[in-house]
Every structure is written in C-alpha cells, then in structure tokens.
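Let me begin by presenting the structure, written as structure tokens, before commenting on it.
The values are calculated or read from the model by the stated rules, or taken from the named source; none is laboratory data. Just so you know, these numbers come straight off a predicted model, no measurement behind them. Neighbour counts are summed over all protein chains in view; Cβ atoms, including those assigned to glycine, are modelled from backbone coordinates with ideal geometry. What goes into the accessible areas is simple: the full protein's heavy atoms, side chains included, and nothing from ligands, DNA or RNA. Shrake-Rupley method; radii C 1.70, N 1.55, O 1.52, S 1.80 Å.
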Amino acid sequence: AIELENERFYVFLDLTYCDFSVDSFQLFGYQGFSISYSGGPEGSYHGTWVDYYIVSDDGVPALLLRSDDEWGQERILDLDGDGTDELATRSAIFFAKEGLIYRADLEKLLLGACTELSSCDQLFWDPYGRYCTAVSFADADSRFRTCWRYLWFDGERLLIYRDVKAVTD
C-alpha cells in the first residue's frame, strides 16, 4: 500500500508477488500518474493492471480508469485520427465522448460480430497503422483454422476487416 498523509491511498490486488511502477500520463484532457503492477500466485504470471489517477486542486487523487492488460501492451494512440488520444490495450479500447470515458471490450465485440470464430487468442496494436491485428480460431467442419482479423476504431464504431485474398501453398 502507498500511504498518503497517514491514510491508505492504494492497495494492490491480492497477489503473492507484485512488480509495480509509477509513471505520468496525459489522456482525455487529463494529466496525472499511473500505477502499473503485475503479478500472480507464486511461480506464475497472472496479469498486468494499470490504474490511471488524476489529482484535484486540493491534492486528492481520484481513479480515472483501470485497465487490465494481460500482456502489458497498453498504447496511448490517436486511433481515429481526430487529434485526441485513446487508450488501446490487448483487451479493450478506452475512449472519451461527450465528457464520459467508455470501454469497448475487443474480444466480446469481435466474437459477437464474427460468429464463425470460436475464440480470440491474440490482439496486437500497430502504433503506426492505428489498427489491431486479431488472431482468432474457428472450428469449421471439425478442422481447426487460424483466422486473422484487422480492427480499426473510427471514433464511433469498431470496424472489423478480414483479408479475402486467396492463398496457395
């Protein structure tokens, strides 16, 4: 826990071991600090979390958002090209609209839109292309196949594309 004027400010999740770091950020028109921590039960990796805090004029910290990014791939990017950054993680997009911060669950949206997919195993953000490559799996006719989808966020919607080029070995 981090103590703030003799009051408990921060308590980590119940982990056997925990690595953490503190950094500054600027996001959604706010400036603040983030606490990133990862850990899990003894001998295994459980996940990475990042808590974003803003501080009021009287010095009181307030949690802006918490992301759970399993592999620590968070990116602050302008995903839709409007000049305002969004937060992209392996599992979600956080974006601001009309003064509120929203979280879009990428796996849930992808599997809901692409019913032929049975799972989504990997999501990787390209910071230069502002898109996410999703590696998913489908079980068609008892054959296990790897499926690639490309995700873009246009500020309103998550756009899902697939490459339909024929490939010959």
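Annotations
- None of Asp154, Asp126 is open to solvent by 40 Å² or more (accessible area, probe 1.4 Å), at pLDDT 75 or above and under 14 Å from Arg90 (Cβ atoms) except Asp126.
- All of Ser21, Ser56 fail the test of being closer than 19 Å to Glu74 by Cα and modelled with pLDDT of 55 or more, apart from Ser21.
- Of all residues in the range 81-96, those satisfying the criterion of being open to solvent by 40 Å² or more (accessible area, probe 1.4 Å) and in contact (Cβ under 8 Å) with a residue 12 or more places away in the chain are Gly81, Asp82, Thr84, Asp85, Ala96.
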